[in-house]
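In what follows, a single structure is set out as structure tokens and then discussed.
The values are calculated or read from the model by the stated rules, or taken from the named source; none is laboratory data. Keep in mind the model is a prediction, meaning the values are calculated, not measured. Cβ atoms come from the backbone with ideal geometry, glycine included; neighbour counts cover every protein chain shown.
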């Protein structure tokens, strides 16, 4: 197959969605498929809407040599009307990879209403969907007419060296403060501000927090986080490390006791599964697909309110045997999950079917 993949910016961007796209592209190329990356510039939402009028982009997307156009749904404002124009000149099928809808995020209702109108229009212009979770599928199917689709879960097996059961138990039983890890770009949706509010309720001798994530995505939010850390007098206990590549990130997972990323919404939440690979129970928010990974009280917890977050962290700080048991259950959950190779192969089979029958 010759596939055109539409994304914003660079494929090596550090986020779960780009990791998903990157793993898929690698697999497709390994199987002999040709993938051309069509990169659109990161701009404001309004400027993205203007991309629909670009003659150059129209010409590039209707290239007759593509067997299939694959679009990351993140690009929906740039494609919502352009796709409609393309469908009037059918050259190849269009498939959308949906990680989560912009209108599923927490923001004022009127803003989400506007985003939902644009997203709904976009969703109706494609021939098929690749979903990262059942939760994402259900949200999309509430807005769009039925289309061929596949639910292909992200994986967590990109790290080579993982702790064994004995190491997970020994780590949990180490004396001293609970070593907490937050992994996610510093944006409001990831919930670092809620986590800091929760930690301020606990004795500072009981915990240490390492924050891994890009601080430049939302500079205003990063400044607010820094002010919050200072205001709550948490500076000695919180380390902002910025984004990490695979090896130092693996070391951060291996050296932690508990992963806490209380996002207001995740389409799936690859980071929870990656933490489980290292035997880390996960505390996530209740919105979206995290509930498809985390079993409450078995391999983690689902919580939104700072009081709940604080209680769960306190419990695992005090009950180290429970921490060990949940850590073992977390790694078992990871081992039962599909690998990136299996997920990408599932998507490739689906794309071949769409190409043959559309």
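Test residue 265 against the stated conditions and say whether it is within 15 Å of the chain's Cα centre (by Cα), in the same structural domain as residue 184 (by TED's automatic domain parsing) and under 27 Å from residue 165 (Cα atoms).
Considered against the rule, which asks whether it is within 15 Å of the chain's Cα centre (by Cα), in the same structural domain as residue 184 (by TED's automatic domain parsing) and under 27 Å from residue 165 (Cα atoms), residue 265 comes out as no.
Taking only pairs six or more apart or across chains, which ones have beta-carbon atoms under 8 Å, a first residue in region 83-99 that is without any contact (Cβ under 8 Å) to a residue 12 or more places away in the chain, and a second residue that is not in a loop (DSSP other than H, G, I, E, B)?
Every condition considered, no pair remains.
Of the conditions (1) on the phi < 0 side of the Ramachandran plot; (2) surrounded by fewer than 19 Cβ atoms within 10 Å (Cβ to Cβ), residue 326 fails just one. Which one is it?
(2)
For region 92-101, how many residues are more than 15 Å from residue 267 (Cα to Cα) and either touching a helix residue (DSSP H, G or I) at 6+ places or on another chain (Cβ under 6 Å) or not in a loop (DSSP other than H, G, I, E, B) (or both)?
3
Taking residue 225 and the conditions (1) buried (at least 19 other Cβ atoms within 10 Å of the Cβ); (2) farther than 22 Å from residue 152 by Cα; (3) within 19 Å of the chain's Cα centre (by Cα), which numbered condition does it fall short on, given that it satisfies the others?
Tallying (1) buried (at least 19 other Cβ atoms within 10 Å of the Cβ); (2) farther than 22 Å from residue 152 by Cα; (3) within 19 Å of the chain's Cα centre (by Cα), residue 225 fails exactly one: (3).
Restricting to region 150-185, what's the tally of residues that are surrounded by fewer than 21 Cβ atoms within 10 Å (Cβ to Cβ) and more than 30 Å from residue 257 (Cβ to Cβ)?
2
I'm checking my understanding of the structure. Among residues of region 105-124 that are modelled with pLDDT under 95 and not in a helix (DSSP H, G or I), which one is nearest to residue 6 (Cα to Cα)?
Across region 105-124, the extreme among qualifying residues is 105.
For every residue, the table says whether it meets (1) within 30 Å of residue 194 (Cβ to Cβ); (2) crowded, with 18+ Cβ neighbours inside 10 Å; (3) under 18 Å from the mean Cα position of the chain (by Cα).
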| position | (1), (2), (3) |
| --- | --- |
| 60 | no, no, no |
| 70 | no, yes, no |
| 107 | yes, no, no |
| 112 | yes, no, no |
| 122 | no, yes, no |
| 126 | no, yes, no |
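Here are some residues: 64, 77. Which one is modelled with pLDDT of 95 or more and either in the same structural domain as residue 144 (by TED's automatic domain parsing) or surrounded by fewer than 20 Cβ atoms within 10 Å (Cβ to Cβ) (or both)?
Matching residue, one of 64, 77: 77.
I'd like to know if region 241-261 contains one or more residues that are surrounded by 18 or more Cβ atoms within 10 Å (Cβ to Cβ) and under 13 Å from the mean Cα position of the chain (by Cα).
Scanning region 241-261, I find at least one residue that is surrounded by 18 or more Cβ atoms within 10 Å (Cβ to Cβ) and under 13 Å from the mean Cα position of the chain (by Cα), so the answer is yes.
Taking the conditions exactly as written (surrounded by fewer than 23 Cβ atoms within 10 Å (Cβ to Cβ) and assigned by TED's automatic domain parsing to the domain that holds residue 28), does residue 348 satisfy them or not?
Judged against the criteria, residue 348 is a match.
How do the helices (runs of 4 or more DSSP H) wholly within region 250-358 filter down when requiring 1 or more residues that are touching a residue at least 12 places away in the same chain (Cβ under 8 Å) and under 30 Å from residue 70 (Cβ atoms): which remain?
Where helices (runs of 4 or more DSSP H) fall fully within region 250-358 and carry at least 1 residues being touching a residue at least 12 places away in the same chain (Cβ under 8 Å) and under 30 Å from residue 70 (Cβ atoms), they are 270-277, 320-335, 340-357.
Of all helices (runs of 4 or more DSSP H) completely enclosed by region 1-91, which ones contain at least 3 residues that are under 23 Å from residue 270 (Cα atoms)?
Those helices (runs of 4 or more DSSP H) span 16-30.
Can you report the number of residues in region 206-222 which are within 22 Å of residue 305 (Cα to Cα) and part of a helix (DSSP H, G or I)?
Count: 3.
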